[in-house]
Amino acid sequence: MNPTFTNSNRTDSTYSEKPMYHFEQSFDEDFTPILEAVKSWSGGEQKLRLGTYNSISAVHQDMHDLVELRGTEGLEASMQLAEYLAVSEGSLDYARPDGRMFTDGPPDPFVTDREQELASLNYTYDIVPHSGGTFELQSQKTWEMDGKPKIESIALGEYDTISDANREQGILLSIRAVDGLETEMNIVEKIAIENGSLAANREDPRLFRQGPADPFKTRIQRELALEPTVQPVAMQPEPELQQEPQPIIAVSIDMDM
């Protein structure tokens, strides 16, 4: 059984209508062309930025590709391409524990690539007997790729008896039930570092290096996210004339179900 990755506050079970989707070309605050995917329903809408462009023609090209794909291969294929663009833009986290594109409104009638990844992803443990009579507890990540099962293991320690290994496994699984997967995997990370199977100052901050992106952050990943980034300040000449603000123009193409 796959673990629950998030306690999402989704209320889409209260909706009976089908949402509508379209792509919209607009401008951000500094009049840079942007492309957005828009989900709308009677109670509201949710927008997701797909890209920031140097020209309107570039926006139209991606919009054309998305609409054409919708017409030839259906909504799901079009939304999966939109998902790829949003991940590339940085407006959608490729490692998000909630695999949906849109988290508001009625349920979406399509499955994202991330949802498919999470459906096959699982975190388990195995106890491996050694020739010397000891037992090794391993933390394992399993997933599917091209219809074939894949696995990556991290050694957590050796125990004199299988009951000792089982006891440690039970403790770790109980942490997930109470505090969630990320807390459990952070403790796995700590144990692996203490036992020398994982370096504390490793260049790759992830716990597992293979397969789909993990729906949790390691301690090192969180520490790196807290480090301030210093951006160089470019001196800009003062403009001679201050231009009047221009109205924002939005262009959209409907994609009704």
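Where a number appears in this text, it was derived from the coordinates with a stated rule and is not lab data. Note that this is a predicted model, so its numbers are computed, not measured. Cβ sites come from the backbone with ideal geometry, for glycine too, and all protein chains shown count toward neighbours.
The table that follows gives values for the structure above.
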| read-out | value |
| --- | --- |
| ³J(HN,Hα), Karplus 6.51/-1.76/1.60, whole Hz, each residue of the range 58-64, x for Gly, Pro | 5, 4, 4, 5, 5, 4, 4 |
| Karplus-derived HN-Hα couplings along the range 90-100 (A = 6.51, B = -1.76, C = 1.60, θ = phi - 60°), whole Hz, x at Gly and Pro | x, 8, 9, 7, 5, 9, 4, x, 9, x, 6 |
| DSSP-assigned coil residues among GluC sites (Glu not before Pro) in the range 82-128, each with at most 11 further Cβ atoms within 10 Å | none |
| The range 137-146 - phi-based ³J(HN,Hα) in whole Hz, Karplus 6.51/-1.76/1.60, Gly and Pro as x | 8, 10, 8, 10, 10, 10, 7, 10, 9, 6 |
| Check: the range 133-214 dipole with +1 on Lys, Arg Cβ and -1 on Asp, Glu Cβ, in debye | 180 |
| Asp30, Asp179 arranged by Cβ crowding within 10 Å, fewest neighbours leading | Asp30, Asp179 |
| Relative contact order of the range 121-226, pairs being alpha-carbon contacts under 8 Å that are 6 or more residues apart, as % | 20 |
| Euclidean distance of C-alpha centroids, the range 41-73 and the range 78-149, integer Å | 26 |
